[in-house]
Amino acid sequence: MSLYQISCPGRVLFREDELASLARLEGGFELSRRLYCALETGHEGVHCVIAQGVSGTEEIPPWNMWIRWPEGDEYGPGREMLRLEDCPANFLTGTVQEEGCHLPMGHWGRHGYEFGPPLTDSDVMPEWLFRRFG
Ligand SMILES: [Zn+2]
Ligand SMILES: [Zn+2]
């Protein structure tokens, strides 16, 4: 297993009308015009990421609005926004470190808590430094 397993570098850009419709949702996230795919790098099929977390109402529990897009179509008509169920997997269930997967049900690859966010070269300890501490 690689120490630097990262999430997919695929990214999506929202149009103005999409941002406006997301802003109308009763949400918990600050809207971002550009988002990165949340799946593990090297995955098959479409990219996806949560576009907005919706806080729900007394009758409706919180839910997530996702955006999915095919490779190479991050600003094109192949994108779709839709509600997806969450993956039910949890890490360290019942402890204070409990962490959800935060990926959609049936997602490709490992669970969200099993790999990290994208890293830049500057986040990775150079090998010579690693050997000094190793
Ligand atoms: Zn992806
Ligand atoms: Zn999962």
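The values are calculated or read from the model by the stated rules, or taken from the named source; none is laboratory data. In this text the structure is predicted, and so the values were computed from the model without any measurement. Cβ atoms come from the backbone with ideal geometry, glycine included; neighbour counts cover every protein chain shown.
For the reader, a short list of remarks on this structure follows.
- Scan of the range 20-51 for residues that are of a type in the set (A, V, I, L, M) and either crowded, with 16+ Cβ neighbours inside 10 Å or touching a residue at least 40 places away in the same chain (Cβ under 8 Å) (or both), ordered by number: 22, 25, 35, 38, 39, 46, 49, 50, 51
- Residues of the range 65-102 that turn out to be in contact (Cβ under 8 Å) with a residue 40 or more places away in the chain, within 17 Å of the chain's Cα centre (by Cα) and under 23 Å from residue 27 (Cβ atoms), as a count: 7
- Among the candidates 56, 106, residue that is out of contact with any Pro (no Cβ under 7 Å at 6 or more places or on another chain) and on the phi > 0 side of the Ramachandran plot: 106
- For the range 6-19, the candidate set comprises residues that are closer than 22 Å to residue 101 by Cα and among the hydrophobic types (A, V, I, L, M, F, W, C); within that set, the residue that is surrounded by the fewest Cβ atoms within 10 Å (Cβ to Cβ) is 6.
- Residue in the range 52-73 that is hydrophobic (A, V, I, L, M, F, W, C), out of contact with any Leu (no Cβ under 9 Å at 6 or more places or on another chain) and buried (at least 18 other Cβ atoms within 10 Å of the Cβ) present: yes
- Residues that are among the hydroxyl-bearing types (Ser, Thr, Tyr), within 14 Å of ligand 1 (Cβ to nearest atom) and farther than 15 Å from residue 72 by Cα, drawn from the range 15-50: 41
- Taken together, 100, 116, 94 contain a single residue that is modelled with pLDDT of 65 or more, more than 18 Å from residue 46 (Cβ to Cβ) and in contact with a helix residue (DSSP H, G or I) (Cβ under 9 Å, 6 or more places away or on another chain), which is 100.
- One residue alone among 42, 109, 76 is in a loop (DSSP other than H, G, I, E, B), at pLDDT 90 or above and out of contact with any Asp or Glu (no Cβ under 9 Å at 6 or more places or on another chain), and that residue is 42.
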